[in-house]
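To start, the structure under review is shown below, and the notes come after it.
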Amino acid sequence: MYAQLLRGRIEKMKKLETIKEVLERAVDKIYPSKQALETVLNGGRKLKIYLGVDPTGPHLHLGHATNLLVLKRLKNLGHQIIFLIGDFTGRIGDPSDRLAARKPLSEKEVRQNLQTFKKQASKIINFAGPNKALVKFNSAWHSKMKFEDILKLAQLLTVQQMSKRDMFQKRLKENRVIGLHEFLYPLMQGYDSVAMNVDMEIGGTDQTFNMLVGRDLMKVLKHKEKFVLTTKLLENPKTGRKLMNKSEGGFINLDDEPENLFGKTMALPDEAIMPVAEFSTEMPWSEVKQLKNMSPRDAKLKVASWVVKLCYGEKPAAEAAAKWEKTFSKKELPAKVPTLRIGHKESGIMGILIKAGVPSKSEARRLIAQGAVELNGEKKVKPQEKINFQKGDVLKIGKHRFFKIA
C-alpha cells in the first residue's frame with residue numbers, strides 16, 4: 001500500500017515537472033494565456049496538438065529539435081501528437097522572416113525533401129507503440145479544395161490583416177515585391193488547424209502570424225478555442241542571428257553522423273551554447289544553469305554529448321566524445337576519415353570545398369577568409385589558389401571535418 005502511494009506521488013511530481021517544462025522551457029508566448037493552458041494541462045483533458053513543418057530542404061536541423069521536444073513532453077503527458085508535413089503549403093512558399101519572396105518548390109522537390117522527415121523526427125518523438133504520434137500531409141485536404149472553397153475561406157480575412165504582418169510591412173517600406181500567393185500562405189496554413197480540428201499548435205516565433213490566423217479560423221469555423229504556443233528561435237544571443245542558417249555556416253542536421261553532430265556543436269560560438277542546451281537538448285534545467293560556471297570548452301563538451309544523446313543515445317554520445325577528445329586534445333586524426341576523389345591533381349581550392357559538401361561558393365570564401373581551411377596542417381587563404389594535390393593529402397574544413405585525397 002505504501003509503495004503504491006509512493007509511486008503515485010512520484011508520478012504526480014514528474015507530471016508537474018513536465019507541465020512546468022511545457023509552459024516555460026524555450027517558450028516565448030502562449031495564446032490565449034499561460035494560465036489558461038496550465039489549467040487545462042492540470043485538469044487532465046487530452047488535447048490534439050500539432051507541429052507543422054514545410055519540406056523546404058531534405059533535413060530537419062537542431063532548431064527543429066526545440067519544437068519536437070515540446071511535442072515529446074506533451075506526448076508523455078498523454079496528449080495526441082500530430083507531425084504535419086506541409087507538402088502542399090511547401091509548394092506555395094512561406095514568406096516568414098524573408099525580405100524577398102521564397103521560390104516555390106516543385107512537387108518533385110517536395111517529395112524528395114520529405115522522404116526522410118519522419119525518420120529524422122522519430123529521433124525525438126515516437127511514431128509507434130501506445131499513444132503513437134501521427135504523421136499527416138496537408139495535401140490530403142488542400143489538394144481537394146476548389147477555387148470556390150478558397151474564395152469562401154479568403155472572405156474571413158482582410159488585406160489590412162495580412163498587410164500588418166511584420167515582413168510584409170518591411171517589404172512595403174523598401175518597395176519590394178509581395179506576391180499575391182504569399183497572402184494565401186497564412187490562410188492555407190491556418191486552415192490546417194480547421195481540417196484536423198486541433199486543440200493546440202506549436203511553432204517558432206517566426207510562425208506566430210500564421211498560427212494566429214489558424215486560431216482565428218478555428219473560432220469562426222469550429223467555434224473553438226485553439227491554444228498557440230510559440231517557441232524561441234535558436235539564435236546567437238550576441239548577434240541575434242539564427243544559428244541553424246546555411247549562410248552563417250552553422251547548419252547542424254538531426255541526421256548528421258554522431259561524430260559530426262558532436263564536432264559541429266563544439267564549433268558553435270561560445271555564447272550560443274546556453275540556448276542550444278536549453279532549447280535543443282534534454283539536459284535537466286539544473287545542469288543547464290551550471291553551464292555558466294564552467295569553462296566554454298567544458299560547457300561545449302557537455303552540451304555536445306547531450307545533442308548526440310538526443311539523436312542517437314548514450315553509447316554513441318560517449319563514443320563521439322571520446323573520438324573528439326582523441327582528435328583535438330591529442331592532435332590525432334579520427335580513425336575513419338572519408339576520402340575525396342578529385343579526378344585530376346591540380347584543382348582550385350574553391351571547387352574542392354564544394355565537392356567536400358560546403359553548400360555554396362560564398363560559404364567556401366567565408367571559411368577560407370576565416371582561416372578554417374587547411375591542407376596538411378597549412379592554412380589556405382587564397383580562394384583562387386590552384387593546388388597540386390597528392391594522394392593521401394589531408395584536407396581539414398572547420399574544426400571537425402577531415403578528408404583524405406584519393
Original post:
What pairs can you find where one residue is in segment 326-355 and farther than 16 Å from Asn376 by Cβ, the other is at pLDDT 80 or above and of a type in the set (A, V, I, L, M, F, W, C), and their Cβ atoms are less than 6 Å apart, with a gap of 6+ or different chains?
Top reply: Pro338/Phe403; Met350/Ala364
Original post:
Of all residues in segment 355-382, which are of a type in the set (A, V, I, L, M) and part of a strand (DSSP E or B)?
Top reply: Val373, Leu375
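If I filter segment 113-128 for residues that are within 25 Å of the chain's Cα centre (by Cα), under 25 Å from Gly63 (Cα atoms) and assigned to a strand (DSSP E or B), do I get at least one hit?
Quick first cut of segment 113-128, residues within 25 Å of the chain's Cα centre (by Cα) only: 113-128.
Okay, now just the ones that are also under 25 Å from Gly63 (Cα atoms), so 113-128.
Pick out the ones that are also assigned to a strand (DSSP E or B) and you get none.
No, every residue in segment 113-128 fails to be within 25 Å of the chain's Cα centre (by Cα), under 25 Å from Gly63 (Cα atoms) and assigned to a strand (DSSP E or B).
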Original post:
Within the set of pairs 6 or more residues apart or between chains, which connect a residue that is surrounded by 15 or more Cβ atoms within 10 Å (Cβ to Cβ) and in a helix (DSSP H, G or I) inside segment 35-48 to a residue that is at pLDDT 95 or above and aliphatic (A, V, I, L, M) with Cβ atoms less than 6 Å apart?
Top reply: Leu37/Ile30; Glu38/Leu23
**OP:** Collect the residues in segment 198-232 that are touching a helix residue (DSSP H, G or I) at 6+ places or on another chain (Cβ under 8 Å), surrounded by fewer than 20 Cβ atoms within 10 Å (Cβ to Cβ) and not in a helix (DSSP H, G or I), keeping them in residue-number order.
**Re:** Lys222, Lys224, Glu225, Lys232
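Could you please find all residues in segment 1-25 being surrounded by 14 or more Cβ atoms within 10 Å (Cβ to Cβ) and farther than 30 Å from Ser139 by Cα?
Initial filter on segment 1-25 (surrounded by 14 or more Cβ atoms within 10 Å (Cβ to Cβ)): 15, 18-23, 25.
The answer is Lys15, Thr18, Ile19, Lys20, Glu21, Leu23, Arg25.
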Original post:
Here are some conditions: (1) within 21 Å of Ile81 (Cβ to Cβ); (2) not assigned by TED's automatic domain parsing to the domain that holds Leu74. Met200 meets all but one. Which one does it not meet?
Top reply: (2)
**OP:** Answer with yes or no whether Ala121 is at pLDDT below 90 and of a type in the set (Gly, Ala, Ser).
**Re:** no
Original post:
Taking segment 53-69 as the search range and keeping residues that are outside any helix (DSSP H, G or I) and in contact with a Ser or Thr (Cβ under 8 Å, 6 or more places away or on another chain), which one is surrounded by the fewest Cβ atoms within 10 Å (Cβ to Cβ)?
Top reply: Pro58
Original post:
Failed condition for Met162, given (1) in contact (Cβ under 8 Å) with a residue 60 or more places away in the chain; (2) in contact with a Phe, Trp or Tyr (Cβ under 8 Å, 6 or more places away or on another chain); (3) in a helix (DSSP H, G or I), with all others met?
Top reply: (1)
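Only one of these is in a helix (DSSP H, G or I), over 27 Å from the mean Cα position of the chain (by Cα) and either charged (D, E, K, R) or not assigned by TED's automatic domain parsing to the domain that holds Gly63 (or both): Lys144, Lys170, Lys152. Name it.
Matching residue, one of Lys144, Lys170, Lys152: Lys152.
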Subject >> Filter result (among the hydrophobic types (A, V, I, L, M, F, W, C), under 16 Å from Glu24 (Cβ atoms), assigned to a helix (DSSP H, G or I) and without any contact (Cβ under 8 Å) to a residue 60 or more places away in the chain) within segment 270-316 >> reply: Met274, Ala277, Val288
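Yes/no matrix, rows are residues, columns are (1) in contact (Cβ under 8 Å) with a residue 40 or more places away in the chain; (2) closer than 25 Å to His64 by Cβ:
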| residue | (1), (2) |
| --- | --- |
| His142 | yes, yes |
| Leu156 | yes, no |
| Val177 | yes, no |
| Tyr185 | yes, yes |
| Glu201 | yes, yes |
| Gly204 | yes, yes |
| Thr208 | yes, yes |
| Phe227 | yes, yes |
| Lys238 | no, yes |
**OP:** Please work out which one of (1) more than 29 Å from Pro284 (Cα to Cα); (2) modelled with pLDDT of 90 or more; (3) of a type outside the set (Gly, Ala, Ser) is the condition Asn67 fails and give its number.
**Re:** (1)
Subject >> Single match in Leu243, Leu261, Leu268, Leu184 (criterion: over 30 Å from Lys396 (Cβ atoms) and of a type outside the set (Phe, Trp, Tyr)) >> reply: Leu184
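The values are calculated or read from the model by the stated rules, or taken from the named source; none is laboratory data. Quick caveat, the model's predicted, so the values are computed rather than measured. Methodologically, a virtual Cβ is constructed for each residue, glycine included, from the backbone with ideal geometry; neighbour enumeration extends over all protein chains shown.
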